[in-house]
Structures are given as C-alpha cells and as structure tokens.
Amino acid sequence: MLAGIERREDSDGSDHRMLRRMLRATAAVSLSEVEWIRRTRATGTVLQPRVSVVDGYVVGYIAQWRDSHSARLGPAIIDLDVGAGLSLPELRDGWEPDPHAAADAQTEWKLPRSVAPSARETVLWADAELWAYALADVRGFNKTLAGVASSERAVWRWAASRVAGVLALWSGRIEPDARGAFAVAAHEVGRSALATGSRARPHIFQSPAPDLDKAAFALAQLCRKVHDPSTESDLVGALITSIATTVPTSVIGCQLRSGRTSRLQS
C-alpha cells in the first residue's frame, strides 16, 4: 500500500505529504489519542473514524488534508494507506495506556467536541522561557541518542518520527504554505520513520529521558509573536544535530555536511 502512495506522489503527491506531515506534527505534541483527534481536526483536516463491524470500536481513520489558504480538500485516505507507522493502532503505540483516555477517544471520534479539551491544548503561552525549555529538551534528546548503537534500528526509527514531528510543528509556525525548509526537512526525516513500530517508545527513552515533548509543546502552544532570537538560533542548531544524527545519509544530512543549512534559519 505504501508503494502505491509513493507511485502516486511521483505525479502529484503534495496532498499525501502534507497529510503525513500534519499527522506527525499533531501526534508529536499530543499526550493522548483524544488530544490528537482534537488537534488534528483543529488544523482543518477532515478526520473520520473507521469502526469495527463486530463491536463498534474505532479501529482506524479516514483523513483528508485541507489547504488552509484555498480550503481545498485532498483525497480521502484510510490510515492503512497513509504510511507505515501512522495507522491508528500504531499511533496508539506512542501513548501511555489509559482506559479513561481510551474511552474519551472513542467518544470524541463519534461525537466531536463532546469531550472538553485540556488547558494544554487551548492556552497560548507568552513566556519566552519556553524556548529555553525546548532547547534543553532537544539537547538532552541528542545526548541520549549519542549513546545509541547504529544497529538499534527500532530506536532510530522512533527518533526519526519524533524529530520529523517537531520539524513539522516548526514549519507550521513560520511557513504559511508549508513548503519551506522546515517542511522539506520534516519530509526527509519522516521517510526514515515510515516503518512499522516507529511510534513505540524504546526503553532508553522511557521517562524521564528527554523525548522532544517539551520542544513540541513549545512550538505548538507558544504565541507566534514571542521570540528569543538567540535561543531560537541555538534550537535550530540542536535540531540540525538531531537531523544529521538520525538520518546521516539523507539529502538533508548531505546539505548539512556541505554547510548549506542557512535556509533552516530563515
């Protein structure tokens, strides 16, 4: 199924890429399935449940990415065709098991906006200190990654998923058409996360190990007018390290090694 998507992308794959990038962004910042549903729908994406005919349980989704400028809807794609690692069962692997949260998600799927959102989803922060928290998070993440053997493929796929999500969130902040340097980087890194199991948190990154959750939250909830240029520049540098470490042979990695990274800071 993934091969079919990639073939369609050869002619016109922007909708598929945009959808994958947006799903990664909202998954990266969400602490639960119900939060992910709300954040995804808040982007304008049409998200409908796929329900089991046996017991009525939501087992997947159908999504349509919406262009924020033209309001044009992309094609409807079931989660099994979005890309490995992004089906609903695999997305669930990235959240802590919680029966209450699972029940809330089932309700939210079928009755949108019926479960009250938490403050972490609705409150925009105006504290520039969040940039520093994000920087410390990424640096801690990179430090842990430095101790991972190259043979630990499952860890690297998970790390690529996290990094791609954070890059996609930053793209959403500063790239109105979602086609800038951060979007390109998110796409390239995300290709390494198109694998089954890429959402399952590896043991080395179990709490309290930094996992980019603070960076994702800052990029999602920090008011766009709040800046700390020096820290933001350092954060870009730390993410460049994340990219080069996570996907050392990618196009982005080659660009980094040749010194052509200034566009990431534009």
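The values are calculated or read from the model by the stated rules, or taken from the named source; none is laboratory data. Keep in mind that what you see is a predicted model, and the values were worked out from it rather than measured. Don't worry about glycine lacking a Cβ; one is built from the backbone with ideal geometry, like all the others, and counts go over all protein chains shown. These area figures cover heavy atoms from the full protein model, side chains too; ligands, DNA and RNA do not enter into them. Shrake-Rupley method; radii C 1.70, N 1.55, O 1.52, S 1.80 Å.
Checking each residue in region 103-146 for being of a type in the set (A, V, I, L, M, F, W, C), open to solvent by 20 Å² or more (accessible area, probe 1.4 Å) and under 21 Å from W36 (Cβ atoms) picks out A103, L111, V115, A116, A119, V123, L124, W125.
Of the residues in region 149-157, at least one is open to solvent by less than 60 Å² (accessible area, probe 1.4 Å), among the aromatic types (F, W, Y), assigned to a helix (DSSP H, G or I) and touching a residue at least 60 places away in the same chain (Cβ under 8 Å). Within region 42-69, residues that are under 20 Å from A220 (Cα atoms) have Cβ atoms under 6 Å from residues that are of a type in the set (V, I, T) and in a helix (DSSP H, G or I) in these pairs: L47/T40, counting only partners at least 6 apart in sequence or on another chain. The residue that is most open to solvent (accessible area, probe 1.4 Å), counting only those in region 204-238 that are among the small types (G, A, S) and not in a loop (DSSP other than H, G, I, E, B), is S230. All conditions in (1) surrounded by 15 or more Cβ atoms within 10 Å (Cβ to Cβ); (2) out of contact with any helix residue (DSSP H, G or I) (no Cβ under 6 Å at 6 or more places or on another chain); (3) in a helix (DSSP H, G or I) hold for A28, with the sole exception of (2).
What's the total number of residues in region 170-179 that are out of contact with any His (no Cβ under 8 Å at 6 or more places or on another chain), closer than 12 Å to M18 by Cα and not polar (S, T, N, Q)? Don't jump to the end; show me each part of the working.
Of region 170-179, the ones out of contact with any His (no Cβ under 8 Å at 6 or more places or on another chain) are 170-175, 178-179.
Next cut, closer than 12 Å to M18 by Cα only: 171-172, 178-179.
Filter once more, keeping what is not polar (S, T, N, Q): 172, 178-179.
Summing the residues that are out of contact with any His (no Cβ under 8 Å at 6 or more places or on another chain), closer than 12 Å to M18 by Cα and not polar (S, T, N, Q) in region 170-179 gives 3.
Counting just the residues of region 99-125 that are in contact with an Asp or Glu (Cβ under 9 Å, 6 or more places away or on another chain) and assigned to a loop (DSSP other than H, G, I, E, B), which one comes out farthest from S30 (Cα to Cα)? Per the criteria, the residue is S114. Among residues of region 79-96 that are free of Cβ contacts under 8 Å to residues at least 12 places away in the same chain, none has a Cβ under 7 angstrom from a residue that is buried (at least 21 other Cβ atoms within 10 Å of the Cβ) and among the acidic types (D, E) at a sequence gap of 6+ or on a separate chain. Looking only at residues of region 51-83 that are modelled with pLDDT under 95 and assigned to a strand (DSSP E or B), we find that the one that is surrounded by the fewest Cβ atoms within 10 Å (Cβ to Cβ) is L73.
Mind listing whichever residues of region 188-203 are open to solvent by less than 20 Å² (accessible area, probe 1.4 Å) and either assigned to a helix (DSSP H, G or I) or of a type in the set (D, E) (or both)? Scanning region 188-203 gives V189, G190. Exactly one residue among L47, L23 is closer than 26 Å to D137 by Cβ and not hydroxyl-bearing (S, T, Y), and that residue is L23. The residues of region 158-186 that are of a type outside the set (K, R) and surrounded by fewer than 24 Cβ atoms within 10 Å (Cβ to Cβ), listed by number, are G172, I174, E175, P176, D177, A178, G180, A181, A183, V184. With respect to being within 20 Å of S161 (Cα to Cα) and of a type outside the set (S, T, N, Q), G85 fits the description.
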